Amino acid sequence: AGTKTITATYQGSTIYKTSSTPTSHKVDPVYSVSGTIVDTGGTPLPGVSVSNGLGKTATTNSSGVYTLNFLPAGAYTITPTKLGYSFAPTQRQVTITAANLTGIDFTATELFYNVSGTIMDNSGHPIVGVMVADGVGHTATTDAVGGYQISGLRVGDYYIEPSKDGYSFSPPWQLVSITTADRTGINFTGTRLTYSVSGTILDNGFAPVAGVSV
């Protein structure tokens, strides 16, 4: 702010000279909203995306802390999101007047999901007692109607594979991705395997004996 003298020269000669009083520009102050997000056991949760409802986001660090910076005074809806978690509260309404807002905290609860389906033979009959594994240690067994359900799965990818002595399965396994909901209809068709038993019958261990019914 103030009066300045503006001078332009060309090859040493003054060609223009004037005075100007610049206009002042008002800069609105900005503030921040911050808080901590922990799980139900009180452990900080990193990697949570926190939105102010108007396009600005921040992510919690290893200490579970987030900070939304450069917010003008006004009302905001603070919402945390992370795959595999729900939050309490789901949102918080805040209003910035003339100071930073701190302590806008949330508690996260990890979500678990199910994978389920049926296993039938080629005739559409249920196959009982098929063990179904997810590749990371969880298993389930088909019931009287050929149904199974593997429970307690986190967000992620799983190889669902059925097995039972005397059967092959189509497909042999399925890759299932869990993101935000249970996965149903992960079905398989089982085919009963057949084998042979063979041998030789000899008369006192020497001459072959024909016509023996076995």
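The values are calculated or read from the model by the stated rules, or taken from the named source; none is laboratory data. Computed from a predicted structure; not experimentally measured. With ideal geometry, Cβ positions are generated from the backbone for all residues, glycine too; neighbour counts draw on all protein chains shown. Ligands, DNA and RNA are excluded from the accessible area calculation, which covers all protein heavy atoms including side chains. Shrake-Rupley method; radii C 1.70, N 1.55, O 1.52, S 1.80 Å.
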TODO: State which residue pairs qualify: first residue free of Cβ contacts under 8 Å to residues at least 24 places away in the same chain and inside the stretch 147-165, second residue surrounded by fewer than 15 Cβ atoms within 10 Å (Cβ to Cβ) and hydrophobic (A, V, I, L, M, F, W, C) in any location, beta carbons under 8 Å apart, and separation of 6 or more residues or different chains.
DONE: Asp157/Leu175
Open item on the list: Can you tell me which of (1) of a type in the set (A, V, I, L, M); (2) modelled with pLDDT of 95 or more; (3) not in a strand (DSSP E or B) is the one Val115 doesn't meet?
Closed with: (3)
Task: Test result for Gly147, open to solvent by less than 90 Å² (accessible area, probe 1.4 Å) and within 18 Å of Thr118 (Cβ to Cβ) - done: yes
Task: Single unsatisfied condition, Pro46 versus (1) open to solvent by less than 40 Å² (accessible area, probe 1.4 Å); (2) at pLDDT 95 or above; (3) part of a loop (DSSP other than H, G, I, E, B); (4) not polar (S, T, N, Q) - done: (1)
TODO: Please verify whether the stretch 59-80 includes one or more residues that are assigned to a loop (DSSP other than H, G, I, E, B) and surrounded by fewer than 13 Cβ atoms within 10 Å (Cβ to Cβ).
DONE: yes
- [ ] Filter the stretch 150-171 down to the residues that are outside any strand (DSSP E or B) and open to solvent by 60 Å² or more (accessible area, probe 1.4 Å), then identify the one that is farthest from Tyr113 (Cα to Cα).
- [x] Asp165
- [ ] Evaluate the stretch 190-206: report whether one residue or more is surrounded by 14 or more Cβ atoms within 10 Å (Cβ to Cβ), under 33 Å from the mean Cα position of the chain (by Cα) and not in a strand (DSSP E or B).
- [x] no
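Give the residue that is modelled with the lowest pLDDT, with candidates limited to residues of the stretch 1-43 that are part of a loop (DSSP other than H, G, I, E, B) and open to solvent by less than 90 Å² (accessible area, probe 1.4 Å).
If we take residues in the stretch 1-43 being part of a loop (DSSP other than H, G, I, E, B) and open to solvent by less than 90 Å² (accessible area, probe 1.4 Å), then Gly12 is modelled with the lowest pLDDT.
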